[in-house]
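Structure first, commentary second.
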Amino acid sequence: MSQQSNKQRIIVIDVLRGFALLGILLANMPHFSSPAMYDGSVKEGSWLNRGTMAAIDVVCEASFYPLFAFLFGFSMVLFRHRLQQRHLPFEFILVRRLIALLAIGVVHAFGIWFGDILIPYALAGAILLLFFKVRPRVWLIGALICFFTPHLLMLLLLGMTVFSGKEEGGEDQDVQLAAEAIDHYQNGSLSDIFWQRWNDWMYINGSGGLLFTVVTVLPLCLIGGYVAQKRWIEEAERHTAVLRHVALLTLIAGLFLKTFPYFTVKNGFTMYIQNIFGGTSLACFYGTAIVLLFQKKQWKPKLMVFQYIGKMSLTNYLLQSLCCTLLFYHYGFGWYGKMGMFAGALLALFLYGAQLVISRKWLLHFHYGPAEWVWRWVTYGKKPPLHK
């Protein structure tokens with residue numbers, strides 16, 4: 001690999017990471033600011049809020065964590081390649097890297113915000129280690145099996161439940177849980193907020209929820225590792241025709257599947273299609289479209305702005321949670337449950353813009369973001385230089 005192609009590859013990946021963080025923040029904002037997972041109608045209110053909710057649901061919800069999972073698998077393969085070039089024991093170092101990520105995820109989930117994705121990524125990464133001694137084709141086959149087998153089975157079960165009229169309601173219980181979350185996050189002590197955060201995490205991850213999340217991100221990580229080994233991104237100019245077809249097909253499929261509940265009926269069956277299949281399709285479109293646009297001279301400078309926040313993706317992901325919980329929880333400004341969807345989206349855009357500016361200024365003076373620096377220190381067992 002030439003020095004120029006290596007540089008280009010790194011920039012494209014950082015651009016994708018930075019772009020993914022924008023969508024993740026927009027999708028997470030309703031969950032930062034309200035008990036949206038219990039009561040989706042909280043602060044829905046006006047037509048402006050309803051329109052914003054629909055736009056985020058179609059464009060962002062379940063469409064950016066697949067892209068981030070893809071990049072996680074892609075980066076693991078690149079990381080292994082760099083370790084092999086330096087003749088370092090990649091399995092030992094990768095395990096230590098994943099354990100460090102798991103520890104950061106635990107602190108994030110139980111000390112800052114319940115909606116952590118780092119724990120599932122670390123666990124999925126441990127499974128990826130089993131694939132490092134097999135051919136790239138096995139990564140692709142494994143990804144297809146791991147994606148379609150559980151999700152088609154789940155879709156079958158949901159279909160049987162919904163169309164037999166046995167879909168559980170649980171609205172009364174969810175309304176009560178939403179009221180408790182509002183009370184604790186708005187007015188509770190640090191202890192109250194901790195236990196509410198714990199209960200929220202258990203609501204999502206208990207009873208097999210964590211396993212389901214790992215199973216959901218694993219095939220996306222495998223696809224990312226497969227693409228890294230096939231060098232489709234750093235050699236995008238050789239695969240332009242294929243990437244264009246993939247982008248067009250996934251855009252059509254993604255928009256159709258993401259809007260499926262809107263022109264049929266909204267229930268567990270249609271929403272599962274929307275999130276799992278529609279979200280993944282749209283994520284594929286975002287990724288291929290950016291890679292294609294990055295090859296064009298008129299678009300490359302515009303996309304380059306995302307690289308700064310992408311180079312500090314772990315720091316910025318954690319910073320998003322820290323800033324939002326300080327704004328919405330009682331130990332900060334206590335805005336929880338008081339902000340509508342439209343205002344929340346504007347706040348997300350403002351925070352992301354601030355992160356872009358801060359990240360660019362930070363990287364003028366430092367090699368890594370703070371979280372990346374700590375993660376690298378633990379990974380290699382020695383303190384890396386921070387200042388340039």
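The values are calculated or read from the model by the stated rules, or taken from the named source; none is laboratory data. Keep in mind the model is a prediction, meaning the values are calculated, not measured. Note: ideal-geometry Cβ built from the backbone for every residue, glycine included; neighbour counts use all protein chains shown. Surface areas here come from the heavy atoms of the whole protein model, side chains and all, with no ligands, DNA or RNA. Shrake-Rupley method; radii C 1.70, N 1.55, O 1.52, S 1.80 Å.
Scanning residues 5 or more positions from Phe114 or on other chains, none has an amide H under 5 Å from its amide H, with H placed 1.01 Å from N in the peptide plane.
Within the chain, the whole DSSP H helices whose Cα atoms reach 20 Å or more along their own axis and whose mean Kyte-Doolittle score is at least -0.5 are 3-33, 65-85, 90-111, 136-163, 209-230, 240-258, 279-294, 313-328, 341-363. Work out the charge dipole of the chain with +1 on the Cβ of Lys and Arg and -1 on the Cβ of Asp and Glu about the Cα centre, then indicate which of Leu26, Ile141, Tyr65 is farthest towards its positive end. Positive-most Cα among the choices belongs to Ile141. Note on the chain: GNM, Cα springs under 10 Å; of Pro150, Pro89, Pro261, the largest mean-square fluctuation is that of Pro89. Taking a ≥ b ≥ c as the square roots of the eigenvalues of the Cα gyration tensor, the range 267-381 is oblate, since a/c reaches 1.5 or more and a/b is not larger than b/c. Under the convention that each Lys and Arg Cβ holds +1 and each Asp and Glu Cβ holds -1, the size of the dipole of the chain around its Cα centre is about 2440 debye. Across Ser321, Ser207, the residue with the most accessible area heads the list, and the full order at a 1.4 Å probe is Ser207, Ser321. For the range 64-115, rounded, prolate or oblate, judged on the Cα gyration tensor with a ≥ b ≥ c (square roots of eigenvalues), a/c < 1.5 rounded, else prolate if a/b > b/c? In terms of gyration-tensor shape, oblate.
Note on Ala126/Trp47: beta-carbon distance plugged into 1/(1 + (r/R0)^6) with R0 of 30 Å gives a FRET efficiency of 0.05. Each helix, a run of at least 4 DSSP H residues, gives -39500 (n - 2.57); summed and divided by the residues of the chain, these come to -24500 deg cm²/dmol at 222 nm. Close amide-amide hydrogen proximity is noted between Phe366 and Lys388, each under 5 Å apart and 5 or more residues distant or on a separate chain (H modeled in the peptide plane; Pro and chain starts excluded). What lysines sit close enough to Lys361 to cross-link, taking a C-alpha to C-alpha distance under 30 Å and skipping anything fewer than 8 places away on the same chain? Within the straight-line limit of under 30 Å, Lys361 reaches these lysines: Lys7, Lys296, Lys297, Lys300, Lys302, Lys311, Lys382, Lys383, Lys388. Using the Cβ-Cβ distance between Glu91 and Leu144 with R0 = 25 Å, the FRET efficiency computed as 1/(1 + (r/R0)^6) comes to roughly 0.45. Peptides 130-140, 303-313, 208-218 ranked from most to least packed, by the mean per-residue count of other Cβ atoms within 10 Å: 303-313, 208-218, 130-140. Note on the range 255-290 and the range 312-338: Cα centroid distance 28 Å, given to the nearest whole angstrom.
Rounded, prolate or oblate: which fits the range 138-288, taking a ≥ b ≥ c as square roots of the Cα gyration tensor eigenvalues, rounded meaning a/c under 1.5, else prolate when a/b beats b/c? Prolate, since a/c reaches 1.5 and a/b exceeds b/c. Compute the label zone of Phe366 within the range 303-346: residues whose backbone N is under 17 Å from the point 7 Å along Cα-to-Cβ. In the range 303-346, the label zone of Phe366 (backbone N under 17 Å from the point 7 Å along Cα→Cβ) covers 308-323. A simple spin-label model places pseudo-atoms 7 Å from Cα toward Cβ; at His245 and Lys382 they are separated by 4.9 nm.
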